[in-house]
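The structure appears below as structure tokens.
The values are calculated or read from the model by the stated rules, or taken from the named source; none is laboratory data. Please read all numbers here as calculations on a predicted model, not as lab measurements. Glycine also receives a Cβ, built like all others from the backbone with ideal geometry; neighbour counts cover every protein chain displayed. Keep in mind that these areas ignore ligands, DNA and RNA; they rest on the heavy atoms of the full protein, side chains included. Shrake-Rupley method; radii C 1.70, N 1.55, O 1.52, S 1.80 Å.
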Amino acid sequence: MGMTMSQKILSYKAGLPEVKSGQLITAKLDLVLGNDITSPIAINKFESNNFETVFDKNKIALVMDHFTPNKDIKTANMVSKVRNFALKHQIKNYFDVGEMGIEHALLPEKGLVGAGDLVIGADSHTCTYGALGAFSTGVGSTDMAAAMAIGRAWFKVPSAIRFNLKGKFSKWVSGKDLILTIIGMIGVDGALYKSMEFSGEGLLSLSMDDKFTVANMAIEAGAKNGIFEVDENAICYMKDHGRNNFKIFKPDFDANYDQTINIDLASIRPTVSFPHLPENAKSIDEIGDIYIDQVVIGSCTNGRISDMEVAAKIFDGMHVKKNVRTIIIPATQEIYLECLKRGYIEIFIKAGCAVSTPTCGPCLGGHMGILAKGEKAVSTTNRNFVGRMGDIKSEIYIASPAVAAASAITGKISSPESL
């Protein structure tokens with residue numbers, strides 16, 4: 001029996017001729033990732049186990065993004081611990097204020113992840129890098145600590161669901177609408193510990209930013225990872241970002257999938273996930289008048305340049321509704337600079353938006369836009385659990401940048417088609 005893309009990467013990194021779903025293996029890692037929340041815990045474990053050196057100072061990335069710039073004394077001390085560790089062990093890929101970004105947008109931009117890589121990160125949305133044909137998945141801080149020391153990790157080989165895409169999106173529809181639709185179809189545990197593998201002729205109509213968004217939210221369906229077949233767009237992206245050494249793995253023709261789901265991209269409509277689970281997905285056509293207090297456009301899911309471009313097109317010459325707080329967060333310094341060059345920052349400010357330095361910020365209820373009791377927000381982030389962005393009595397509606405921007409203007413959840 002043949003292997004899926006994920007199984008091929010795992011077998012290669014484990015040095016085995018083949019692997020099967022359910023098999024336990026250990027495999028060599030290409031990158032170990034941590035952030036300002038998870039790294040301090042991992043460092044404590046690293047030091048308490050008397051590890052003296054990291055396995056490779058070039059294959060560890062530490063990104064200060066969740067509460068950066070530091071929001072209080074506690075977070076300042078957390079970052080200080082990571083900074084000192086990075087200096088001690090000469091970690092090349094340490095990113096802090098002024099050169100940082102949201103980790104899952106930053107690492108592809110820096111060429112640190114590529115096709116065929118095996119990546120673990122102490123952050124659940126590490127699955128983002130599957131957009132480039134990598135096997136990437138989130139782990140706990142203890143696993144991160146061990147991986148920093150030995151450069152290996154254990155895995156249970158996942159089975160897979162194949163998503164066969166055809167056609168192309170209609171105007172104002174994007175990868176966010178696709179993944180919200182899929183999660184609405186299969187549920188938050190529909191791909192539990194499975195690989196979500198995307199293929200089909202429809203891939204060619206997806207931008208890389210669409211793929212990053214879809215792979216990012218594979219975890220919201222319970223998946224171990226999300227991964228796309230590598231096409232010309234992915235190859236061009238990697239080369240444009242200085243990544244020339246990569247290995248492409250394609251599924252075998254007789255690979256075994258738990259199921260195959262066919263999706264016509266032309267059938268996808270702007271989609272919104274209602275509180276308090278991502279699976280509560282509804283087409284924009286099913287939504288009545290839901291008035292909102294805040295809009296957030298950013299995060300590791302939708303803070304890339306195409307997201308900023310869509311928002312700028314909608315905000316240009318318009319103004320946000322009175323009393324709707326609208327926060328724009330470019331995901332990296334490079335994206336922020338590109339927004340400046342293109343005039344997007346001016347458009348956002350004239351429209352009545354606040355523009356932030358790159359940070360996760362309000363996504364996890366950190367800072368830069370916490371919700372009060374009874375408030376409703378439309379957000380381009382990835383989770384809408386109870387209390388995720390503030391008070392437990394607040395509500396989060398997950399949507400694309402297009403829907404978020406249109407909603408900021410009208411003051412209620414809206415499609416840009418209605419403007």
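A few notes on this one:
- Output for the range 258-317, where each listed residue is aliphatic (A, V, I, L, M), at pLDDT below 95 and over 16 Å from Met185 (Cα atoms): Ile287
- With respect to the conditions (1) modelled with pLDDT of 95 or more; (2) surrounded by fewer than 24 Cβ atoms within 10 Å (Cβ to Cβ), Ala218 falls short on a single one, namely (2).
- When we screen Pro330, Pro362, Pro275 for residues that are closer than 24 Å to Val97 by Cβ and assigned to a loop (DSSP other than H, G, I, E, B), the only hit is Pro330.
- Taking each residue of the range 237-259 that is touching a residue at least 24 places away in the same chain (Cβ under 8 Å) and closer than 29 Å to Lys20 by Cβ and looking for partners that are surrounded by fewer than 16 Cβ atoms within 10 Å (Cβ to Cβ) and among the hydrophobic types (A, V, I, L, M, F, W, C) with beta-carbon atoms closer than 6 Å, six or more apart or interchain, yields Asn256/Met1.
- Cβ-Cβ distances below 7 Å connect the following pairs, each with a first residue in the range 6-32 that is closer than 14 Å to Pro251 by Cα, a second residue that is open to solvent by less than 40 Å² (accessible area, probe 1.4 Å) and among the acidic types (Asp, Glu), and a separation of six or more residues or different chains: Ser6/Glu197.
- Selection from the range 355-370 of residues that are open to solvent by 10 Å² or more (accessible area, probe 1.4 Å) and in contact with a helix residue (DSSP H, G or I) (Cβ under 8 Å, 6 or more places away or on another chain): Val355, Thr357, Cys360, Cys363, His367, Met368, Gly369, Ile370
- Every residue from the range 131-150 that is within 14 Å of Ala42 (Cα to Cα) and either outside any strand (DSSP E or B) or open to solvent by less than 10 Å² (accessible area, probe 1.4 Å) (or both): Val139, Gly140, Ser141, Thr142, Asp143, Met144, Ala145, Ala146, Ala147, Met148, Ala149, Ile150
- Considered as a group, the residues in the range 151-170 that are in a strand (DSSP E or B) and more than 17 Å from Phe135 (Cβ to Cβ) include one that is least open to solvent (accessible area, probe 1.4 Å), and that residue is Leu165.
- Members of the range 21-45 found to be closer than 20 Å to Gly114 by Cα, in a strand (DSSP E or B) and open to solvent by 30 Å² or more (accessible area, probe 1.4 Å), listed by number: Lys28
- Among (1) of a type outside the set (A, V, I, L, M); (2) open to solvent by 10 Å² or more (accessible area, probe 1.4 Å); (3) modelled with pLDDT of 95 or more; (4) on the phi < 0 side of the Ramachandran plot - the single one Lys176 does not satisfy: (2)
- Scope the range 1-20; condition outside any helix (DSSP H, G or I) and under 25 Å from the mean Cα position of the chain (by Cα); matching residues: Thr4
- Residue match in the range 234-255 (condition: surrounded by 18 or more Cβ atoms within 10 Å (Cβ to Cβ), within 25 Å of Ile102 (Cβ to Cβ) and under 16 Å from the mean Cα position of the chain (by Cα)): no
- Positions within the range 301-321 being assigned to a loop (DSSP other than H, G, I, E, B) and in contact (Cβ under 8 Å) with a residue 40 or more places away in the chain, in sequence order: Gly303, Arg304, Met318, His319, Val320, Lys321
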